[in-house]
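The values are calculated or read from the model by the stated rules, or taken from the named source; none is laboratory data. Fair warning: this is a prediction, and the values are worked out from it, not measured in the lab. Every residue, glycine as well, gets a Cβ built from its backbone with ideal geometry; the counts of neighbours run over all protein chains shown. Note: accessible area is taken over every heavy atom of the protein model, side chains too, but ligands, DNA and RNA are not part of it. Shrake-Rupley method; radii C 1.70, N 1.55, O 1.52, S 1.80 Å.
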Amino acid sequence: MKYLVCVKQAPDTAELPKVKAEEAASGELSIQLVVNPWDEHALESAIQSSEDYGGSVGVITVGGEKAIDALRSGLAMGCAEATLIEDTEADAWGVATLLAAAIEQMGDVDLVFTGQLTVDGNSGMVPIALARKLGWPVLTGVAKIIEVTDDSIVVERVVGEARLTVKTQAPAVLSVIKEIGEPRYPTFIKIRKAARVKIPTLTASDLGVDAPAPVVQMDNYRKPPARDAHVQLFDNASDLVDALLAEKVL
Amino acid sequence: MDFAFITEHEMVQKTVRDFAEKEIRPVIGEYDREHKYPHFLLPKMAELGVMGICIPVRYGGAGMDYISLGIVSEALEWADASVRETIAVHLALNAMTVFQWGTEEQKQRLLAPLATGAKVGCFGLTESGAGSDVAALKATARKDGDDYILDGEKMWITLADVADYLLVFAKTDPAKKHRGITAFMLERGMAGLSTGAIEDKMGVWASNTGWIAMNAVRVPARNRIGEEGEGFKVAMSALDNARYTVAAGASGGIRAVMEASLRYSQERETFGKKIAEHQLVQQMLAKMALNYDIATLLWQRVGWLKNQGVRNTRETSQAKWFATEAAWEAASDAVQIHGAYGFSAEYGVERYLRNAKGAAIYEGTTQIHQLLQATYALGWRRDKPLRCELPAYDPEYWQE
Ligand SMILES: Cc1cc2nc3c(=O)[nH]c(=O)nc-3n(C[C@H](O)[C@H](O)[C@H](O)COP(=O)(O)OP(=O)(O)OC[C@H]3O[C@@H](n4cnc5c(N)ncnc54)[C@H](O)[C@@H]3O)c2cc1C
């Protein structure tokens, strides 16, 4: 079984409030970048599945040179190989186009794992578009891997308040949620190797596709209005509970 | 000159800072309050590779360099000094000493289980009557056939109750003062060896600090580390390694109280403005930022020297002296900035103040480092080459 995890180098959410609208529009963020947190869960579940059921895990990203750090993190966690597709212009559909071309070129990928969302784009589009491009089934909201066989996978999906146990044939695309498992810490021995490995870089032309022009145009960036924080005192606990229920805090 | 971290240092730093934040910070305050040693951290640190980070892979370590050891120390003390102490004692004082002075057989037998974390080490030099004045130690080791018989006590020993391998120093020839000291690796379970904890300390409550009693402990000669009479040099070179971790650790302590102070001073208001807007508060913040950088540059210079295989007793002593005193001042100022809330356990900055005092005492008191620096400056002291130097970092050898 060959697993491939798609990751993205994304802004550290703790630093997001510092981002200015102009910076977001230019795409040149001067803040700390980290592996998109959802993708760390995808890495964990793919690596854990390969340990439980056999196989090897690769990690891939579309991005600029800085995105190599995300690949090194994947290698340090336990991935065996990494690929960078160099492109900083693509939108979700473009990223899916490039990933699909790379996966087709690899030819031996059975299961693609992604995170549910990225903390910057927040669209959740890439896994779905990727499956569409590849013509493979897609399972979103994956909370648990139940079994992997040579040609199929059984997972638990969370859909709203429901939990579904679903089996699909491989190859397939899965997008996972955080419940699937806490990402492991990389070990120093693996860090040492990951830091030194030379990571192959591909471009759209290496993959035999045209650099995909964005289909989504971002016209305007602005910060969401600051939340209205206020202090409210309640006379009794049941009013407080009602208010919390109304605000969907409970 | 290049001050930038290489990729693997960045990755180690990110990993161990994450670890400190997620695994240690949330719980260590409680272990501290309850005066409990966080045993649960040992297997976790072993899994990451912390317990033998700068030991070659062939001896069970993670095969990283000495700068990585500093990075780990800094990150751990950001969470709590007691956890960094574990690394100082287990790795820098014990395992690295076997690496530097041990025979190949000892490296296979003693170092490998230490470096993987399967065994934990401690270091017993100090006695109730011999701290700064090491040559005054009274423990004795008498040759008996292929063994030595050790008698005496050790005091203020970090991990005394936790360690499996206890590196102790005893006199094989009391007449020769410091030239009569020899190092031995004791193993828990040896007849006549007992340990206990010291209660009622001012700080490092989450650390285990204790005593060792040796009552005719029979130690095979194959557990002697270095030659007879070489113990003083063995101990001093071990301190060169551990003082480095103390220095790096102290800079992590400064970072922790500086972060807390920056946060609090931008929340708390007096006289109609944030206290961060008062210049007298800014002065304390500025001093923390400056001292953090000085402390960092000093320990990183030592890490670099160690990587090159250059003797660094003088530079290590400077780094340790400066960083531990700066950490004490920063923690004291952090308590001050927090006002009464700093004086309470709620914000945790008082824990850093209590812990910081210990570091100005152990691994050479501030005064001992001042004396050392004066003798270097005056040209009265020159370090002679040792029979066994700490090997320069060689990535190929380390990782084979
Ligand atoms: C938390 C903690 C953990 C420790 N862990 C260990 C451990 O794991 N292993 C171990 O072996 N030891 C350990 N120690 C002991 C530590 O190394 C000693 O406490 C230290 O060396 C100082 O010795 P002392 O306490 O006997 O003080 P003393 O040597 O009695 O010093 C008392 C005072 O006199 C000053 N002084 C001494 N000599 C001079 C001089 N020549 N000139 C000027 N001033 C001088 C000192 O600076 C100090 O201010 C630990 C201590 C602490 C507090």
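So, with +1 on the Cβ of K and R and -1 on the Cβ of D and E, and no other charges, what is the size of the charge dipole of the protein assembly as shown about its Cα centre, to the nearest 20 debye?
On the way: 68 positive and 87 negative charges, 463 e Å.
Roughly 2220 debye, rounded to the nearest 20.
Report the local net charge at A:D108: Lys and Arg +1, Asp and Glu -1, summed over other residues whose C-beta lies under 15 Å from its C-beta. Numbers along the way, then the final one.
Details: positive: A:K2; negative: A:E81, A:E104, A:D110, A:D150, A:D151.
Within the 15 Å Cβ shell, the charges total -4.
Leaving out same-chain residues fewer than 8 places away, which aspartates and glutamates sit with a Cα under 12 Å from that of A:K223?
Within the straight-line cut-off, A:K223 pairs with A:E22, A:E23.
Just round it to a whole percent: the fraction of Cα-Cα distances in region B:122-229 exceeding 17 Å.
On the way: 2842 of 5778 pairs.
In whole percent, the share of Cα-Cα pairs in region B:122-229 beyond 17 Å is 49.
Starting from 0.36 nm per residue, how many nanometres of slack lie between B:A4 and B:R222 once their C-alpha separation is accounted for? Spell out each step's value before the answer.
On the way: separation 218, 0.36 × 218 = 78.48 nm, distance 4.33 nm.
Between B:A4 and B:R222, full extension yields an extra 74.2 nm.
Note down the nm distance, to one decimal, between modelled labels 7 Å out along Cα→Cβ at B:A286 and at B:Y341.
Distance between the two pseudo-spin positions: 2.5 nm.
Once you list every other residue whose beta carbon is under 13 Å from the beta carbon of B:D133, what net charge do they have if Lys and Arg are +1 and Asp and Glu are -1?
+1
Round to a whole angstrom and tell me the spacing of the C-alpha centers of region A:45-110 and region B:183-247.
49
What is the magnitude of the charge dipole of region A:2-223 about its Cα centre, with +1 placed on the Cβ of each Lys and Arg, -1 on the Cβ of each Asp and Glu, and no other charges, expressed in debye to the nearest 20? Intermediate values should be presented prior to the final figure.
Working: 21 positive and 31 negative charges, 85 e Å.
Using only the charged Cβ atoms, the result is roughly 400 debye.
Give me the percent of DSSP beta bridges within the protein assembly as shown that run antiparallel, rounded to the nearest 5. Numbers along the way, then the final one.
Numbers: 47 of 77 bridges.
Approximately 60 percent, going by the DSSP bridge assignments.
Kindly identify residues of region B:27-64 having a loss of at least 50 Å² in accessible area between the isolated chain and the assembly of all protein chains, probe radius 1.4 Å.
Output list: B:L48.
With the cut-off at 21 Å, tell me which of the pairs B:K154/B:K201; A:K18/B:K22; B:K201/B:K357; B:K107/B:K384; B:K233/B:K384 have Cα atoms farther apart than that. Walk me through the numbers before you get to the answer.
On the way: B:K154/B:K201 17 Å; A:K18/B:K22 23 Å; B:K201/B:K357 11 Å; B:K107/B:K384 25 Å; B:K233/B:K384 11 Å.
Violating the 21 Å limit, Cα to Cα: A:K18/B:K22; B:K107/B:K384.
Could you pull the accessible area for B:D161 with a 1.4 Å probe, rounded to 10 Å²?
Spelled out: B:D161, probe radius 1.4 Å, area about 60 Å².
From a point 7 Å beyond the Cα of B:I361 in the direction of its Cβ, which residues of region B:165-209 have a backbone N at a distance under 13 Å?
Only B:198-205, B:209 fall inside the zone, counting backbone N under 13 Å.
Can you compute the charge dipole magnitude of region A:150-249 about its Cα centre, using +1 on each Lys and Arg Cβ and -1 on each Asp and Glu Cβ, nothing else charged? Give it in debye, rounded to the nearest 20.
Values: 14 positive and 14 negative charges, 181 e Å.
Result for region A:150-249 is approximately 860 debye, rounded to the nearest 20.
Have a look at A:G141, A:L130, A:V155 and report the one farthest towards the positive end of the charge dipole of region A:127-171, computed about the Cα centre with Cβ charges (Lys/Arg +1, Asp/Glu -1).
So the residue furthest toward the plus end is A:L130.
Give me the distance in nm between label points sitting 7 Å out from Cα along the Cα-to-Cβ direction at B:Q108 and B:D293, one decimal.
About 5.1 nm, to one decimal.
What whole-number distance in Å separates the alpha-carbon centres of region A:137-195 and region B:353-400?
Cα centroid of region A:137-195 versus Cα centroid of region B:353-400: 50 Å apart.
Short version: ³J(HN,Hα) in whole Hz for each residue of region A:23-28, in order, from phi by Karplus 6.51 cos²θ - 1.76 cosθ + 1.60 (θ = phi - 60°), x for Gly and Pro, what are they?
Running phi through 6.51 cos²θ - 1.76 cosθ + 1.60 with θ = phi - 60° gives 5, 4, 5, 7, x, 9 Hz.
Tell me the total accessible area that B and A bury against each other, 1.4 angstrom probe, in square angstrom rounded to 100. Mind showing how you got there, number by number?
Working: alone 17310 and 14310 Å², together 30100 Å².
Between B and A, the summed buried area is about 1500 Å².
Go ahead and run the numbers for FRET between B:D146 and A:I31, Cβ-Cβ distance against an R0 of 51 Å, rounding to 0.05. Please list the in-between numbers first.
Working: r = 64 Å, r/R0 = 1.25.
With R0 = 51 Å, the Cβ-Cβ based efficiency is 0.20.
Count the DSSP beta bridges whose two residues both fall in region A:2-223, then state the antiparallel fraction as a percent rounded to the nearest 5. Before the final figure, lay out each step's value.
Values: 16 of 41 bridges.
Looking only at bridges with both residues in region A:2-223, the antiparallel portion is about 40 percent.
At 222 nm, what helix-only mean residue ellipticity would chain A give, in deg cm²/dmol to the nearest 500, using -39500 (n - 2.57) for each DSSP H run of four or more?
On the way: 7 runs with 76 residues, N = 250.
When only DSSP H runs of four or more count, the value is -9000 deg cm²/dmol.
Placing +1 on the Cβ of each Lys and Arg and -1 on the Cβ of each Asp and Glu in region B:122-229, which of B:H178, B:P220, B:I149 has its Cα farthest towards the positive end of the resulting dipole?
So the residue we want is B:H178.
Rank these by accessible area, largest first, 1.4 Å probe: B:H278, B:H39.
Details: B:H278 45, B:H39 105 Å².
Order by accessible area, largest first: B:H39, B:H278.
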